[in-house]
Amino acid sequence: MLKGRSILEPMDMTTAELEEIFDLADAIIDDPEKFAHACDGKLLATLFYEPSTRTRFSFEAAMLRLGGKVIGFSEPNSSSVAKGESIADTIRTIACYADIAVMRHPKEGAPRIAANNTDMPVINAGDGGHMHPTQTLTDLLTIRRRKGGFTNLKIGLCGDLKFGRTVHSLIKAMSRYEGVEFIMISPEELRVPEYVRKGVLEANNVPYREVKKMKEVMPELDVLYMTRVQRERFFNEEDYIRLKDRYILDLEKIENAKEDLMILHPLPRVNEIAVEVDNDPRALYFEQAKNGMFVRMSLIMKLLGIEVQ
Ligand code: CP
């Protein structure tokens, strides 16, 4: 039962609950009209302390398409945050007005502090370089709709695996399925953090390899998950400039890839996927972004305990 719960990381949902969320998302995709009034009278608050296009707009579109309404800020300096109000006081106040809240924050753990200070469901929309559970829902729905499930997949993760919160969330979620193997493609400095390598992969006996070259592993992959180098998390600009264009996926690099390879990217992209790849049928990142809205519609309904017969 997801009703009333907060979602702060992927493990806050069991694999059975994930299937329920994806089943409902599939039903919404098949017949969106049926759900057009599911959230009549409900209010979603979006608290974005960091920039966003997909996550904020897709949450807002999700609530509006369910018949609900949206309040919030995308620029914290337009709220009393600018006067020094704490996360605890902000969320207690928002809970007086809204039924459910979505929070993105540059500090790891900030949405958890919010959730600990309210009975209203709080959804983590990305906390620093830590987790981004609803991006993982988006990724998994896209994989499930193409592959039919999550077992026996070889997943390549490429780019900034250190600061990329979507990668950390995806590894956590996928580590629960049989036959999943990761190939992590990154420079030495941008490898996955210890808490993911030891605490998730090794703790669950999930096979993984760390490599520096993309092309040599390409023929093995079922999913290639590209990521942007996270400029905003670097301590100095020189390191960012040195590392930012290390991996650029182009048509030549996928010549020897599987015909049913899924190329995913949480977006936004900078240079890491050449635009020429966009027309390849294996490029699924805009389909992924679209699925993000449907899976968030499903999640909102589940957390509010709303069913449509
Ligand atoms: N994937 C993602 O989180 O995109 P935004 O930063 O645009 O929300």
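Observations, loosely collected:
- With q set to 0.07, 0.11, 0.15 Å⁻¹, the log10 of I(q)/I(0) for the chain, from the Debye formula over equal scatterers at the Cα positions, is -0.26, -0.66, -1.22.
- Rounded tilt (10° steps) of 15-30 against the dominant C-alpha axis of the chain: 80 degrees
- Computed with a 1.4 Å probe over protein heavy atoms only, the accessible surface of region 133-288 comes to 43 Å² per residue.
- Residue among GLU255, GLU181, GLU210 with the largest mean-square fluctuation in a Gaussian network model of the chain, springs linking Cα atoms under 10 Å: GLU255
- Put simply, region 1-100 fits an ellipsoid with semi-axes of 27, 17, 13 Å; these come from the alpha carbon gyration tensor as the roots of five times its eigenvalues, largest first.
- Other residues lying with their Cβ under 13 Å from the Cβ of SER186 contribute a combined charge of +4, Lys and Arg counting +1, Asp and Glu -1.
- Across the chain, the longest run free of exposed loop sites, meaning chymotrypsin sites (Phe, Trp or Tyr not before Pro) lying outside DSSP classes H, G, I, E and B with no more than 12 other Cβ atoms within 10 Å, spans 98-234.
- Carbon + sulfur, % of accessible area of the chain - ligands and nucleic acids excluded, 1.4 Å: 48 percent
- Per the Kirkwood formula applied to alpha carbons, region 265-309 shows a radius of gyration over Rh ratio, Rg over Rh, of 1.20.
- Using θ = phi - 60° and Karplus 6.51 cos²θ - 1.76 cosθ + 1.60, couplings along region 48-54 (whole Hz; Gly, Pro as x): 10, 8, 9, x, 6, 10, 5
- Treating each Cα of region 133-288 as one equal point scatterer and applying the Debye formula with no solvent, the log10 of I(q)/I(0) at q = 0.12, 0.15, 0.18 Å⁻¹ comes out as -0.46, -0.74, -1.11.
- Low-density loop positions, trypsin sites (Lys or Arg not before Pro), region 23-125 - DSSP coil, at most 16 other Cβ in 10 Å: LYS107
The values are calculated or read from the model by the stated rules, or taken from the named source; none is laboratory data. This is a predicted model, so every value here is computed, not measured. Quick reminder, even Gly has a Cβ in these numbers, built from the backbone with ideal geometry, and neighbours come from all protein chains shown. Accessible surface is based on the protein model in full, side chains and every heavy atom, while ligands, DNA and RNA are left aside. Shrake-Rupley method; radii C 1.70, N 1.55, O 1.52, S 1.80 Å.
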